1. Report every pair of residues separated by at least 6 positions or lying on different chains whose Cβ atoms are under 6 Å apart, first residue within the stretch 203-219 and free of Cβ contacts under 8 Å to residues at least 12 places away in the same chain, second outside any strand (DSSP E or B) and not β-branched (Val, Ile, Thr).
2. Considering only the stretch 70-81, how many residues are within 15 Å of ligand 2 (Cβ to nearest atom) and either of a type in the set (Val, Ile, Thr) or assigned to a strand (DSSP E or B) (or both)?
3. For residue 186, state whether it is assigned to a loop (DSSP other than H, G, I, E, B) and modelled with pLDDT of 90 or more.
4. Would you mention how many residues in the stretch 56-69 are within 15 Å of ligand 2 (Cβ to nearest atom) and at pLDDT 90 or above?
5. Name the residue that is nearest to ligand 2 (Cβ to nearest atom), counting only residues in the stretch 46-55 that are closer than 18 Å to residue 140 by Cα and assigned to a loop (DSSP other than H, G, I, E, B).
6. What residue, among those in the stretch 245-294 that are crowded, with 18+ Cβ neighbours inside 10 Å and β-branched (Val, Ile, Thr), is farthest from the chain's Cα centre (by Cα)?
7. Is at least one residue of the stretch 114-134 within 30 Å of residue 169 (Cα to Cα), in the same structural domain as residue 51 (by TED's automatic domain parsing) and modelled with pLDDT under 85?
Amino acid sequence: MAPQTRTRQARKSSQHPPNNSSRPSRVVKIDQSEDQNGNEPEDLTEDIDDDDLCPICQMLLHEPVLTTCGHSLCNFCMATWASTSLAAPMTIVDVDEEPVPFDPVSDLEARCPMCRTLTTAKPDEQRSSALETKYPRAHLQRLQESSSSQPSKATASSIQTITVHIGNRHRLVPAPPNGPSQNQHDWHFFVQPSRTDIIEEVHIHLHPTFRQPHIVRTRPPYAISRLGWGFFTITASIILKAGYSWVSEEAEEAPDGAAKGALPLEWTLDFDGFGGKGSMGRCRLKVRNDKEWGRTDREQARDERARRRMVRAYEDDGRYEPVDEE
Ligand SMILES: [Zn+2]
Ligand SMILES: [Zn+2]
């Protein structure tokens with residue numbers, strides 16, 4: 001079964017040579033499926049050992065990565081797999097840690113598509129050059145395919161991963177001399193998503209005893225600072241722009257009714273962590289980008305959001321009496 005599949009794969013791709021003029025002409029010659037000896041396809045498609053095929057795409061491993069559980073996959077296949085299968089626990093880190101862009105292959109823990117154990121993967125340079133030597137033609141073909149097929153992937157609805165840091169900084173300040181003899185906590189709560197272009201707004205819900213417990217931030221920094229006596233749990237709901245939705249069981253309807261448009265994250269204020277300076281949690285979350293979203297729908301949704309935002313602002317300052325729209 002395997003040799004047939006391989007031949008079919010290789011021939012299929014050779015029938016659609018990508019028009020990439022920057023590639024060496026000798027690759028194009030291979031793709032033309034003609035040769036001097038008359039014994040065509042078999043001669044053009046190298047026989048690839050089963051061990052050198054990617055278990056996901058069933059083609060010659062391209063930019064192979066090696067998982068901690070000992071399996072090999074294409075870098076692209078692993079990244080795609082990891083971002084769609086990822087479970088997102090929150091990791092507590094130092095509040096001063098620089099939010100770094102993460103690598104979807106080496107930084108993401110995902111269940112291995114082969115053995116289902118939690119694993120990460122590293123580029124396997126040795127394997128990569130060994131494969132290049134062993135299958136020069138198939139290697140070139142894969143190189144060519146991967147450079148030409150990237151733009152077409154953008155047409156389908158896609159899953160993207162974003163990192164969100166949520167946490168607080170903290171400073172203990174002495175109580176004013178004639179106030180109650182208790183120290184005060186000067187805290188700064190923040191939500192830092194690795195991408196802000198897809199975020200509509202962030203709603204911050206404080207303890208109901210605060211005078212203004214519901215704060216809406218429409219642009220970064222999504223943060224607030226307060227002075228208080230004790231800690232409590234803050235809920236920050238991250239609302240995505242029209243056309244995007246959270247891939248999460250916990251996602252809720254956005255205020256404007258978009259399904260899975262809002263993701264509530266909870267953070268309990270930390271006054272003790274890292275020597276009392278606070279801490280933050282790092283979570284990796286999945287977002288679905290629905291490219292099918294019509295332009296008109298998007299504009300309508302934007303107008304509707306703007307209207308609701310205005311109504312909310314009016315409600316907040318008492319200029320507007322909410323009417324039951326039902
Ligand atoms: Zn693959
Ligand atoms: Zn594995």
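The values are calculated or read from the model by the stated rules, or taken from the named source; none is laboratory data. Since the model is a prediction, treat every value here as computed from it, not as a measurement. Don't worry about glycine lacking a Cβ; one is built from the backbone with ideal geometry, like all the others, and counts go over all protein chains shown.
1. From residues that are free of Cβ contacts under 8 Å to residues at least 12 places away in the same chain, the pairs are 213/206.
2. 3
3. So residue 186 fails the test.
4. Number of matching residues: 7.
5. 54
6. Within the stretch 245-294, the match that is farthest from the chain's Cα centre (by Cα) is 247.
7. No, the stretch 114-134 has no match at all.
Condition check ((1) within 27 Å of residue 253 (Cβ to Cβ); (2) assigned to a strand (DSSP E or B); (3) acidic (Asp, Glu); (4) not assigned by TED's automatic domain parsing to the domain that holds residue 289) across all residues:
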site	(1), (2), (3), (4)
168	no, yes, no, no
177	no, no, no, no
182	no, no, no, no
201	yes, yes, yes, no
204	yes, yes, no, no
208	yes, no, no, no
